[in-house]
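A short write-up of the structure that comes next.
The values are calculated or read from the model by the stated rules, or taken from the named source; none is laboratory data. The structure presented is a predicted model; accordingly, all values stated were derived computationally and were not measured. Glycine also receives a Cβ, built like all others from the backbone with ideal geometry; neighbour counts cover every protein chain displayed. Ligands, DNA and RNA are stripped out before the accessible areas are found, and what is left, the full protein with its side chains, is counted by its heavy atoms. Shrake-Rupley method; radii C 1.70, N 1.55, O 1.52, S 1.80 Å.
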Amino acid sequence: MTAIYSNAKNWLVQADLLAKSGLTDLIAGKDSGAGYGKAIIGDFSIMMPAAYSLVRNRNIMHHETISKDGAWLRYVEGSRLDLKDVQFFWGSAALAQSDHTLLHEDKAKKAELALESILADLAVLNIPSGVKLEISLSNHNPDRWATEIKCRVEGTHTFEHLHPVTRSIVTKTVEIVVTGIYPEGFGSIAHCLFGEASLVLDPSELAIALDIGSSTWLVTVFNGSGAVIDRHLIEGGAGELHSMIAEALDKRNDRVSLLSKDVKHSPSLVNQGIIEGTFTYGGNHLTGKKFETEYSQCLDEWWSNRIEKFANFVTAGNYLDRAKYLVAWGGGVSLPVVDQNLAGLGFVILNNPQFINALGLKLLTQISRGA
């Protein structure tokens, strides 16, 4: 059973236990994602915003920054000589910096910063020093980036981070072995066919998968052997919905909104209100406002436009009538109303949909090592 860091107290307890566990070997899968990176490391899952910020002024103390979805790190020494003494923020800690980089804005960064992303996961998890990590990764273009990712990630790495419990700076050394670099979504198919949530699908039968992510809707047609028959990319994932709601809030003219009428509403704060289930933007009396109406209106436009494109693709390719399953994963499938819409269309919605690809990548790691 995979444990998920669902709250700060649970995270701190688990982080303390993991540091004292004495583990020497960990098997992992890493989905770099668009808005969020997801990883399954051992029996733990972790999700952080895919954001990076280089620390340029090393005389300023940045060591106080750590949470269950962000951290400060310093690369001390190891196989990556180019990173020696480099400090950086990752996740929510990076978003707090004005000069942060969002990985989905430059897909090359997913490859170039692959090691930093993994080390940030290990820091937040608070893994013991001396661990050997075997990991499978996904990338949008393995033919272009696989060799570079492997060169950047593999090897022995010593780094510093802030201990989440004691708040002291600790030094960790980890050996990383890359067991495979797969196309995005390949892990999800492996999980469906060969993992815990197996679909009963013969090699001659088809399934249609819909992955609703932060940036896109990705439609994949695959068979019972795991072979990809066809794919179709629809632009405008959940992040587009958040932006539509933020723009709708910009146009409000109610009294509360006039107090901040020159401030552009943040899609990330919209997302936060959806995740928390409050449908409230902001956390104080000046900015706090309900957006259920905007959510309903924007969702209808966002959903209808994209589900029509999905339908056009699967019917034009004569896939819909032949498919034994419609299956959905990705963070967007859990959005309120979207989950009901998908269920009404007959989709199988898997548990922990955001982590399906990472779970499958971990499974591929296990298979590659004969575990």
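Some points to look at:
- Among the residues of segment 320-340, the one identified as among the polar types (S, T, N, Q) and either in contact (Cβ under 8 Å) with a residue 12 or more places away in the chain or open to solvent by less than 40 Å² (accessible area, probe 1.4 Å) (or both) is S334.
- Restricting attention to segment 220-240, the residues that are in contact with a helix residue (DSSP H, G or I) (Cβ under 6 Å, 6 or more places away or on another chain) and either on the phi > 0 side of the Ramachandran plot or among the β-branched types (V, I, T) (or both) total 2.
- Residue among D82, D99, D106 that is over 23 Å from S268 (Cβ atoms), surrounded by fewer than 16 Cβ atoms within 10 Å (Cβ to Cβ) and not aromatic (F, W, Y): D82
- Here K362 clears all of (1) within 24 Å of G37 (Cα to Cα); (2) open to solvent by less than 20 Å² (accessible area, probe 1.4 Å); (3) modelled with pLDDT of 95 or more except the condition numbered (2).
- Within segment 223-235, being out of contact with any Leu (no Cβ under 7 Å at 6 or more places or on another chain) and either open to solvent by less than 10 Å² (accessible area, probe 1.4 Å) or not charged (D, E, K, R) (or both) holds for S225, A227, V228, H232, I234.
- Matching residues, segment 198-214, being surrounded by 18 or more Cβ atoms within 10 Å (Cβ to Cβ) and under 24 Å from the mean Cα position of the chain (by Cα): L199, A207, I208, A209, L210, D211, I212, G213, S214
- Condition check for K150: in contact with a strand residue (DSSP E or B) (Cβ under 7 Å, 6 or more places away or on another chain), touching a residue at least 12 places away in the same chain (Cβ under 8 Å), over 29 Å from L12 (Cβ atoms) and open to solvent by 60 Å² or more (accessible area, probe 1.4 Å): yes
- Looking across segment 350-359, the residues that are in contact with an Asp or Glu (Cβ under 9 Å, 6 or more places away or on another chain) and open to solvent by 60 Å² or more (accessible area, probe 1.4 Å) come down to N351, Q354.
- Residue that is modelled with the lowest pLDDT, among those in segment 278-295 that are open to solvent by 30 Å² or more (accessible area, probe 1.4 Å) and hydroxyl-bearing (S, T, Y): T287
- Selection from segment 26-55 of residues that are of a type in the set (A, V, I, L, M, F, W, C) and either more than 14 Å from I118 (Cβ to Cβ) or open to solvent by 10 Å² or more (accessible area, probe 1.4 Å) (or both): L26, I27, A34, F44, M47, A51, L54, V55
- Helices (runs of 4 or more DSSP H) within segment 71-189 that include 2 or more residues within 18 Å of the chain's Cα centre (by Cα) and farther than 30 Å from L326 by Cα: 92-95, 108-112, 114-125
- Scanning segment 296-319 for residues that are open to solvent by less than 90 Å² (accessible area, probe 1.4 Å), at pLDDT 95 or above and either charged (D, E, K, R) or in contact with a strand residue (DSSP E or B) (Cβ under 7 Å, 6 or more places away or on another chain) (or both) yields a count of 5.
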